[in-house]
Each structure stands twice: as structure tokens, then as C-alpha cells.
1. Set the Förster radius R0 to 22 Å, insert the Cβ-Cβ distance between R342 and R400 as r into 1/(1 + (r/R0)^6), and round the FRET efficiency to 0.05.
2. In nm, to one decimal, how far is the modelled label at R265 from the one at E357, with both set 7 Å along Cα→Cβ?
3. With every protein chain left in place and a probe of 1.4 Å, what is the accessible surface of M119, to the nearest 10 Å²?
4. Just grab the label-to-label distance for D42 and A207, each label 7 Å out from Cα along the Cβ direction, in nm (one decimal).
5. So, in nm, how far is label Q290 from label L175 when the simple model puts each one 7 Å beyond its Cα toward the Cβ?
6. Taking H as built 1.01 Å from N, whose amide H comes closer than 5 Å to the amide H of Y312, not counting residues under 5 places away?
7. Express in Å², to the nearest 10, the accessible area of W133 obtained by rolling a 1.4 Å probe over the protein heavy atoms while all chains stay in place.
8. Report E201's accessible area, 1.4 Å probe, all protein chains in place, as a number in Å² to the nearest 10.
Amino acid sequence: MSDHLAAHDADHPCVDHLAARDADRHVRDRARHTRDLMRRIDPQLLDVMIALLVQFLVSLPFLIYLRSPYRLGFLLLSGTAIPLIWRRRQPFVVACVVALFAVPASLHHRPGQSFQFGMTIAIYTVFSLGRRWERIAVAVLALPITLMVEFAKDQPPQQATLDILTLTAAAAFGLATRHRTAYIAEIEERTRRLEHERDLEIRRADAEVARAAARERARIARDMHDILAHAVSLMTVQAEAGPVVVRSDPARAEAAFDAIADAGRDAMVQLRRILGTLKDDAEAGARAPQPTVANIADLVAEVGRTDLKVVYESVGERRPLRSDAEIAAYRVVQEALTNAVRHAQATTVTVRLEWGEDTMGITITDDGRGGRPRPGGGHGLIGIRERASACGGTVVVGPRVTGPGFEVALRIPLDATRVAR
């Protein structure tokens, strides 16, 4: 079981990423808590408090020995405490000033200090806040100065070793503080960068969802336009022809009214299918299938029930098409026939399918009044271009070159990899 979990974790590198992120969050939370506590105290006030504390500690011996010979020692030791007020602003300068007072104070030794509080804090500050050359300078000068003072005072080796270790510990603690501060700053910067990247990902995902929704709305709008325009055009033509022949040719009038009813029923079925795409996927099984190239013959037969003569031709061996290309081809033919019925005043329309090795072509021509499309081309022609582009195809619309009328020529690649993106 454990081997399986280990293998599972190894197959998912995001586990390590999550663990690292949790560790960073823990360190960041602790650092934020510490920083919040420190921010409640003004840094300058904190430095004043530290200087007063050191001043109190160096003054303790003089509270016991209150005689005038020790006033010089008191003044020298005060010089190691008071400059600490400015330790954050000028760490190296403060360390030099404190050293200038600490050396004679240690040599004066009346009564003196066994522990250099001010010098220890000054060295810590240089190594935690100072520049690199300042740290090097302090490291180079501190050891020989300390040894010379200890030699001048004739201190035992144990005391000299203790003083050197004390100053070394202060420097090491300062470096540790410096590295911790840099580490926390790096974590915070990394967190800000990750949050920024996450926000960008969220915005990109939202934008992609919005684009997908816009594409879906455009597709539904095109489908509804094609279905309604086609059905209404057929119903209008048949409704206008019916009253004319209702007395002279009752059979023809009855056929016209039947065509109206069929067109209305077909439109209702297709509209229910489109509206069904807006419902839950649980109802997907009840939806009617999308129309394909195979349904173009039925579409031509339906339009042929009007006074418009429609000729259907298919040349070449039929080849498989992508589903989006199948739908696009059907809708382009549907829109072209609708335009021929509504606007062209044509008597004959030819729908010709040509199956080639690499492309499938559909040409819809009529013998109507033709004419160039208006700027913008209307919603129908815009829909034709959009459908052709969406499936990687091309379309050319305009007046016929070889005679009167209008022509729509669609070309769709048969290669499944050539999809417009």
C-alpha cells in the first residue's frame, strides 16, 4: 500500500509543490506574526530603549562606587551606550564610535566592565544591517584590537578567549538574522509572484470561458437564424401561392398548405434541439441529431416543393468529414437556398457537391437577379463566412460570372488536422 502511494506521489509532481507551498506558508505566517509584533514598536523608540538598557547596565558598577576618580570610566562607558540610538541609520559609523570609547574604557578599568554590551550590539548590527565591505572591515579589525587590549590589560587567556567568542557570536547572530530576513523577503516575493501568476491564470481562464460562451452564443444565433429564415421563407412562399390556386387547382393548394405545415414542424424540431443544448447534459440523449451533408438532398427536396426548381448534383466518391464541417456544409446550403427563395426571384437553383482528394466543394447557383452583396453582407452572408471559417474552409459569394444570378462556392478541407483555430 505504501509503495502504491509512493508511486502515486511520484507520478504527481504537484504533491511536492503543495508541500513546499505549505512550508513556505508556515514560515511566512510566523514571519508575518513576528513582523506585526515588531511593527507595533517604533524602531527608533526601540533603539532608544536598547541604548537606555545598555546605559543602565554599564552604570551599575558606578552605583556601587560613587567616588570621583571613576567619573572618567563612567563617561567612557556611556560613550559605548548612547551612540546605539543611531545604530540602524549608520551601523558602521556607530560601531567605530563605540569602539573608540570601548577601548579606553576597557584600558581604564576603573571599575570597568567584564562584558562589552555596547560593542556586542554594535557588531551584531553591522553584520545584520551593514554593507559587505563594512562587515569585512569589522571582521578584520575586531580580532587584533581585542587581542591588543587583552594583552595590554594582561588578561588571562581564558578571558581573552571568552571576549573573542562573545564578539564572534554577535557577528554570527547578526549574519543569521540577515539571512533570515533575506529568506523571508524571498518567500514574500515568491508568494506575491505566485499570487500574481494565479490571478493571471484565473483571468485567462475567465477570458477563455467568456470566449467559449461568446462562440457558443454565436453558433446558436447562426443556427436559429438559418432555421427560422429558411422555414419562414418557405412558409411565406407557399402561403402566397396557396390562395392563388385554391379554386383553380385545389390539389396544388393542399400541397402548398402541407408544405407550410411540414416546414413549421421541421423548424420546431430543430429549434427544440437547439434550445436543448442550453439545458442539462442529462437531457442530451433526447436531442435530435445535427443535420449533415447526407440531409442536403432532403433539404433540396423540401425547397423544391415551392415554385422554385432545385437541381441537386453530387460528383465524386463521398469521403468522411468532421462533424463541424458536416453541419457547416448543411447550414451554408440552407442559407443559400433561403436567400434564393426570399431575394433572388430565381426560377432555378443548382446545388452541386464535388468530392475531391483533399477538399469537398459545394456550389449553389441561381438564375435570379444576382447583384453584389451590400456592405456587411447581411446576417445570412456573415453567418456563411463564419461557418466556413470555423471549420477551416473558405467561401466565395457574389454574382455569377457566366450568366445572370448569384453563386455561393464553399470549399472545406478533408484533412482533419486543418481546422481553423
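The values are calculated or read from the model by the stated rules, or taken from the named source; none is laboratory data. Here the structure is a predicted model, which is why all the values come from computation and not from measurement. Please note: Cβ atoms are built from the backbone with ideal geometry, for glycine as well, and neighbour counts cover all protein chains shown. Heads up: the accessible areas ignore ligands, DNA and RNA and are worked out on the full protein's heavy atoms, side chains in. Shrake-Rupley method; radii C 1.70, N 1.55, O 1.52, S 1.80 Å.
1. On the way: r = 18 Å, r/R0 = 0.83.
So the FRET efficiency works out to roughly 0.75.
2. With each label placed 7 Å out from Cα toward Cβ, I get 4.6 nm.
3. For M119, solvent-accessible area is about 30 Å².
4. 4.7 nm
5. For the pair Q290/L175, the computed spacing is 6.8 nm.
6. For Y312, the qualifying residues are V351.
7. 130 Å²
8. Around 100 Å² of this residue is reachable by solvent.
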